[in-house]
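Have a look at the structure below before the remarks.
The values are calculated or read from the model by the stated rules, or taken from the named source; none is laboratory data. For clarity, every value in this text was computed on a predicted model and none was experimentally measured. Virtual Cβ from ideal backbone geometry, glycine too; neighbours counted across all protein chains shown.
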Amino acid sequence: MPYIELNYNRTISETEEQKLKEELGKAISILPGKSEDRLMVEIKDNMKLYFKGDKTKANIMIKVLVYGNPLSPNVLNNFTNKVSDIILNIIPNLSKDHIYISYFFTENWGFNGENF
């Protein structure tokens, strides 16, 4: 079960939110064995995100949590590129150098009252 948390320090419209959810749902298949069927997406806007002590520029921090072993750098690079392109196509006035993505992998994930 993958989980994507997107934190943005500006407002995301309802239309942008729906497009993000849909496109991230498609993109998750880049990660082997992952699909939208089990994807959870959390989108938070108007967050207080500072970079270099400044919050005046638009910034997005994305956390990707994945059940299973770490994936290859090549797979993660492909996913990072795809997610960055999705965001740039949907959210105006944002530059690629203000999109940050971090990855976390776990062997322990609880669901339906038990662990996988």
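Side notes on the structure shown:
- Selection count where residues are in contact with an Asp or Glu (Cβ under 9 Å, 6 or more places away or on another chain), buried (at least 16 other Cβ atoms within 10 Å of the Cβ) and under 30 Å from SER72 (Cβ atoms), scope the stretch 37-60: 2
- If you check TYR8, TYR100 for being of a type in the set (Ser, Thr, Tyr), at pLDDT 95 or above and crowded, with 17+ Cβ neighbours inside 10 Å, only one passes: TYR8.
- Residue among LYS19, LYS44, LYS48, LYS57 that alone is of a type in the set (Lys, Arg) and under 24 Å from THR106 (Cα atoms): LYS44
- Within the stretch 53-73, residues that are under 28 Å from ILE91 (Cα atoms) reach partners that are among the small types (Gly, Ala, Ser) and part of a loop (DSSP other than H, G, I, E, B) with beta carbons closer than 9 Å, at six or more positions or on different chains, in the pairs LYS57/SER95; ALA58/SER95.
- Among residues of the stretch 66-88, those that are surrounded by 15 or more Cβ atoms within 10 Å (Cβ to Cβ) and either over 15 Å from ILE43 (Cβ atoms) or out of contact with any strand residue (DSSP E or B) (no Cβ under 9 Å at 6 or more places or on another chain) (or both), counted: 11
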